[in-house]
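K.L.:
Below is a structure I'd like to ask you about.
The values are calculated or read from the model by the stated rules, or taken from the named source; none is laboratory data. Everything numeric in this text was worked out from a predicted model, so none of it was measured. Because the Cβ atoms are built from the backbone with ideal geometry, glycine has one as well, and the counts that use them run over all protein chains shown.
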Amino acid sequence: MVLKLLLLFILVPLVELSLLIEIGRLIGTLNTLTIVVCTGILGAFLARHEGLGVLYQIRTELASGRLPASQIVDGVIILLAGAVLITPGVLTDALGFLCLIPASRNVIKKMLWSWLERAVHDGGIHFSARM
């Protein structure tokens, strides 16, 4: 697990930096910086908008006496998308914007659920309740 995280924290920034350098070479430094700043601002705005919508859904579910599990997962995905979008990069921005689109967020939720079910079934994740 540590090796995977180490690769993630080294490999992703190197790929992002390489892409930004190549984009800067093709369209110019100022244009590249403008794109980075605009995607950060747009991403923050969209994350706030989607987050407030999910917050409203959570309140509605709670007021109806239902557990808002799906909406809470949406909120976590949106929060992660916002964090990814404020970091400069092409791949991370693409991932962040995908997480803000409800249809693709549903696909991500299904993938996360499948991963969680497999991990519990294989014994990689254990649950216990203590009172």
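K.L.:
Out of all the residues in region 19-50, which are modelled with pLDDT under 95 and small (G, A, S)?
P.N.:
Hits for region 19-50 are G40, G43, A44, A47.
K.L.:
Of T87, T34, which residue is under 19 Å from the mean Cα position of the chain (by Cα) and polar (S, T, N, Q)?
P.N.:
T87
K.L.:
Taking region 51-88, which residues are within 22 Å of I35 (Cα to Cα) and in contact with a Ser or Thr (Cβ under 9 Å, 6 or more places away or on another chain)?
P.N.:
Of region 51-88, the ones within 22 Å of I35 (Cα to Cα) are 78-88.
If the condition is that a residue be within 22 Å of I35 (Cα to Cα) and in contact with a Ser or Thr (Cβ under 9 Å, 6 or more places away or on another chain), then V84, L85, P88 are the ones that fit.
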